[in-house]
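The values are calculated or read from the model by the stated rules, or taken from the named source; none is laboratory data. Please read these numbers as outputs of a predicted model, since none were measured by experiment. In this analysis, Cβ positions are derived from the backbone assuming ideal geometry, glycine residues included, and neighbour counts consider all displayed protein chains. Heads up: the accessible areas ignore ligands, DNA and RNA and are worked out on the full protein's heavy atoms, side chains in. Shrake-Rupley method; radii C 1.70, N 1.55, O 1.52, S 1.80 Å.
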Amino acid sequence: MEDEWEEAKLRHPVGSKAHGVVRIRRPFGVFIELDGSPEVIGFLDIASYNPDPPALDLPEVGASVSADVAFHDEQKRQIRVRVGAPFWTDNDR
């Protein structure tokens, strides 16, 4: 699993575009099977979902998603992604 995680981080660097399919949908976010890295989970939380045009709800299971890689969550071994512009910038915090 360590090699798969390291390969996934190289395949999906922070700031790059990631594509995948929603496999699990929860009220707080969706878990995505990323193209080229099916063994590593992509995660899009509701706070990182700001599509243009705006959508009222998260994508459904089976939906194709294109997102920006926001960061690599080392503890959970997840590629965290976002859709659309962030709701805030570092200056807003």
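Length gained on full extension, GLN75 to GLU7: 22.9 nm, using 0.36 nm per residue less the C-alpha separation. Above 21 Å, the calculated P(r) of the chain contains 27 percent of its Cα-Cα pairs. Note that the range 18-30 has calculated 3J(HN,Hα) couplings of 10, 10, x, 10, 5, 10, 9, 10, 10, x, 8, x, 10 Hz, one per residue in order, obtained from phi through the Karplus relation 6.51 cos²θ - 1.76 cosθ + 1.60 (θ = phi - 60°); glycine and proline are x.
With the charge dipole of the chain set up from +1 on Lys and Arg Cβ and -1 on Asp and Glu Cβ about the Cα centre, the Cα lying farthest toward the positive end among the listed residues TYR49, SER37, VAL14 is that of TYR49.
Can you compute log10 of I(q)/I(0) for the range 32-75 with the Debye formula, treating each Cα as one identical point scatterer, at q = 0.22, 0.31 Å⁻¹? Cα-only, vacuum Debye calculation for the range 32-75: -0.89, -1.47. Mind pulling the angle between the C-alpha long axis of helix 2-11 and the longest principal axis of the chain? Nearest 10 degrees, somewhere in 0 to 90. For 2-11 against the chain, the angle is about 50 degrees.
Computed over protein heavy atoms with a 1.4 Å probe, the carbon and sulfur contribution to the accessible area of the range 1-92 reaches 53%.
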